[in-house]
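This report refers to the structure that appears directly beneath it.
Readers should treat all values here as calculations from the given coordinates under stated rules, not as data from a laboratory. It should be emphasised that the depicted structure is a prediction, and the values quoted were computed from it without experimental measurement. Cβ placement follows ideal geometry from the backbone for every residue including glycine, while neighbour counts extend to all protein chains displayed.
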Amino acid sequence: MLTLHHLNNSRSQKIVWLLEELGLTYDVVNYQRDPVTQMGPPALKALHPLGKSPVLDDSGRLLSESGAITQYLLSRYGAGRLAPDPAGQDYPRFLECLYFAVSAGMNPIMIKVYARAFGLSDGAMDASVTAELERALGYIETSLGDGECLMGDLFTAADIQMTFIPELARAIGHKGNHPRIEKWQARLYARPGFHRSIARGGAYAYAEPV
């Protein structure tokens, strides 16, 4: 039995979405951010040493980190869905996109968030990080090309994971001029699986209205 420990307005929403697109049966345990600190509750730390969400419980086996959870779900339950053929030419780029979404693509956003929290939003460091964030968004824009999704016309888990970067970029006031990203996100937000994920996971502040 799959149980997702889900924190509102977090990357955990992407795992709810992934579970819905895969059509898997699962339970959700919802946690709410502190309205002042925006931190997750102590119950998450009691659940897993990292104290972060998402945490997937598969029949008593706990797994944290959304990238690891995504790969686990695709490998164990995906049956070839939401990923290109591992023997095909697109698979290396799929993996690159999947992990860019949780590493290099997110780093400048997190640095800007922490810099803002400590009053370091101006100066050379912030300018450098802003340029790095724009480079990340440019990478997504270029990767989309003329296709409907990151892998051309094939919707994959990389699309689900990667949407978090432009969502948070907008949330911290950095949108930029990326028309392909905007059209791509509008298409993704129109998917029935996305709407089901909101119904299961609760309101999600980072998505544009659909």
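Structural remarks
- Segment 27-104, dipole about Cα centre (Lys/Arg Cβ +1, Asp/Glu Cβ -1), debye to the nearest 20: 140
- The helix-only estimate of mean residue ellipticity at 222 nm for the chain, built from DSSP H runs of length n ≥ 4 each weighted as -39500 (n - 2.57), is -15000 deg cm²/dmol after division by the residue total.
- Stokes-Einstein D (µm²/s) once Rh is taken as the Kirkwood radius of the chain over alpha-carbon pairs, at 20 °C in 1.002 mPa s: 121
- Think of segment 91-191 as having a plus end and a minus end, set by charges on the Cβ of Lys, Arg, Asp and Glu; of M106, Y91, Y189, Y189 sits farthest toward the positive end of this dipole.
- Unit charges on C-beta of K, R, D, E only; dipole of the chain, Debye: 440
- Length gained on full extension, H195 to V36: 54.4 nm, using 0.36 nm per residue less the C-alpha separation.
- Calculated diffusion of segment 123-173, Stokes-Einstein form, Kirkwood radius summed over Cα pairs, 10 °C and 1.306 mPa s, µm²/s: 132
- Note on segment 10-81: percent of Cα-Cα distances in each 10 Å bin, starting at 0 and stopping at the bin with the largest distance, equals 18, 53, 24, 5, 0.
- In segment 18-93, taking the dipole from charged Cβ atoms about the Cα centre, the farthest positive-side position among P49, S59, L24 is held by P49.
- Orientation-averaged projected area, Cα convex hull of segment 91-191 (nm²): 6.2
- Within the chain, the whole DSSP H helices whose Cα atoms reach 18 Å or more along their own axis and whose mean Kyte-Doolittle score is at least 0.0 are 124-144.
- Euclidean distance of C-alpha centroids, segment 118-144 and segment 14-56, integer Å: 27
- Once backbone amide H atoms are built at 1.01 Å from N, Y31 has H6, L7, N8 as its partners under 5 Å, excluding neighbours fewer than 5 places away on the same chain.
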